[in-house]
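Accompanying notes for the structure given below.
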C-alpha cells in the first residue's frame, strides 16, 4: 500500500524513481537501506527523498533533523507523503525550522533527565562510572610485580590492560 501510494505520488509530480528502499525492523540501530540512500544523495545520484511518514525516516526528532539538514546541505529535497511535508517549498522549510526547535527541546529534556538521574544515584550512594575490574586484583598485581614480573606480562597473565596494571602500580 505504502509503496503504491509513493509511486503514484512520484508519477503525479513527474518524478522518475532512481532508488526504492524498504527497510524492515523496528528501532534498528543500523539502518543500512537509509545509509545507502544517504550515500546516493552524497554522490548526487538523487534529487528528492520521498517517504511515507517521518517516523519511517528518523527514529527521533534529533536523528530526523540531522539527516534532513544533511539532505538540505546536499541540495536534495525531502517529502513526507502522509504529513504533507515538502521541504522543497518555503512552507516545508519553515516546518523544518520548527522541527529544529523541537529537536533542541528534546535534547535539553534528555540532558535534564540524565543530570537528575545521576544526581539521584549519587544521593543514593551508588558508584557511578565503569565497574572496577583490575582494581579488585590489585594485591595480586602488586605481588607479581614484587616478584619481578614485568608489567606487560602481568597484564597478559591476568588479562587486563597494561594501562590498568601501570595505574595500580603507580599508586605504590
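The residues on offer are 158, 128, and the sole one that is modelled with pLDDT under 90 and not assigned by TED's automatic domain parsing to the domain that holds residue 62 is 128.
Quick check: anything in the stretch 33-42 assigned to a loop (DSSP other than H, G, I, E, B), on the phi < 0 side of the Ramachandran plot, touching a residue at least 12 places away in the same chain (Cβ under 8 Å) and surrounded by 12 or more Cβ atoms within 10 Å (Cβ to Cβ)? No, every residue in the stretch 33-42 fails to be assigned to a loop (DSSP other than H, G, I, E, B), on the phi < 0 side of the Ramachandran plot, touching a residue at least 12 places away in the same chain (Cβ under 8 Å) and surrounded by 12 or more Cβ atoms within 10 Å (Cβ to Cβ). Any residue in the stretch 135-144 that is within 38 Å of the chain's Cα centre (by Cα) and within 30 Å of residue 117 (Cβ to Cβ)? Taking every residue of the stretch 135-144 in turn, at least one turns out to be within 38 Å of the chain's Cα centre (by Cα) and within 30 Å of residue 117 (Cβ to Cβ). Taking the conditions (1) at negative phi; (2) free of Cβ contacts under 8 Å to residues at least 40 places away in the same chain; (3) exposed (fewer than 15 other Cβ atoms within 10 Å of the Cβ) in turn, residue 2 satisfies each one other than (2).
The values are calculated or read from the model by the stated rules, or taken from the named source; none is laboratory data. Note that the coordinates shown come from a computational prediction; the quantities given were computed from them, not determined experimentally. Neighbour counts are summed over all protein chains in view; Cβ atoms, including those assigned to glycine, are modelled from backbone coordinates with ideal geometry.
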